[in-house]
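J.: Below are the structure tokens for one structure; questions will follow.
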Amino acid sequence: NDRLTQLQAGRAYVRLQLAATAQGLSMHPLSQALQEYPEQAAHYQAAHQLMAGAGQTVQMWTRLGYASEAGGPAPRRGLQAHLTRT
């Protein structure tokens with residue numbers, strides 16, 4: 001569970017989501033059970049017992065299927081929102 005592994009998991013998730021969309025499928029992250037705070041401890045432990053080996057960390061969890069409505073494009077800021085004048 002280091003920063004490189006977290007970045008690799010995020011990249012893999014994006015590639016998988018793009019591939020799923022191309023096939024007409026929808027993905028939805030289910031990451032709340034993976035949050036590391038006291039109220040989620042039981043869910044965190046259950047998720048890791050189910051999906052990870054000893055000493056491993058689940059980086060991303062998602063559901064995959066057909067949605068009744070297609071999701072719209074994610075909101076993006078235009079280039080001008082990222083530029084500053086110096």
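The values are calculated or read from the model by the stated rules, or taken from the named source; none is laboratory data. Keep in mind that this is a model prediction, so the values were computed, not measured. Virtual Cβ from ideal backbone geometry, glycine too; neighbours counted across all protein chains shown. We work out accessible area using only protein heavy atoms, side chains counted, and drop any ligands, DNA or RNA first. Shrake-Rupley method; radii C 1.70, N 1.55, O 1.52, S 1.80 Å.
J.: Any residue at all in the stretch 53-62 that is in a loop (DSSP other than H, G, I, E, B), open to solvent by 100 Å² or more (accessible area, probe 1.4 Å) and of a type in the set (S, T, N, Q)? Can you show your working first?
T.: Of the residues in the stretch 53-62, the ones in a loop (DSSP other than H, G, I, E, B) are 53-61.
Subset that is open to solvent by 100 Å² or more (accessible area, probe 1.4 Å): 54, 56.
Filter once more, keeping what is of a type in the set (S, T, N, Q): 56.
Yes, the stretch 53-62 contains at least one residue that is in a loop (DSSP other than H, G, I, E, B), open to solvent by 100 Å² or more (accessible area, probe 1.4 Å) and of a type in the set (S, T, N, Q).
J.: Give the residue that is farthest from Pro73 (Cα to Cα), with candidates limited to residues of the stretch 11-27 that are surrounded by 12 or more Cβ atoms within 10 Å (Cβ to Cβ) and of a type outside the set (A, V, I, L, M).
T.: Tyr13
J.: Report yes if Ala20 is of a type outside the set (S, T, N, Q), at pLDDT below 85 and within 18 Å of the chain's Cα centre (by Cα), otherwise no. Can you show your working first?
T.: Numbers: of a type outside the set (S, T, N, Q): yes; at pLDDT below 85: no; within 18 Å of the chain's Cα centre (by Cα): yes.
When the stated conditions are applied, Ala20 does not pass them.
J.: How many of the residues in the stretch 28-52 are part of a helix (DSSP H, G or I) and either loosely packed, with under 11 Cβ neighbours inside 10 Å or polar (S, T, N, Q) (or both)?
T.: Total meeting the criteria: 9.
J.: Please specify each residue of the stretch 1-25 satisfying the condition of being under 21 Å from Gln56 (Cβ atoms) and assigned to a loop (DSSP other than H, G, I, E, B).
T.: Matches in the stretch 1-25: Asn1, Asp2.
J.: Can Thr5 be described as open to solvent by 80 Å² or more (accessible area, probe 1.4 Å), among the β-branched types (Val, Ile, Thr) and within 30 Å of Pro73 (Cα to Cα)?
T.: Details: open to solvent by 80 Å² or more (accessible area, probe 1.4 Å): no; among the β-branched types (Val, Ile, Thr): yes; within 30 Å of Pro73 (Cα to Cα): yes.
For Thr5, the condition - open to solvent by 80 Å² or more (accessible area, probe 1.4 Å), among the β-branched types (Val, Ile, Thr) and within 30 Å of Pro73 (Cα to Cα) - is not met.
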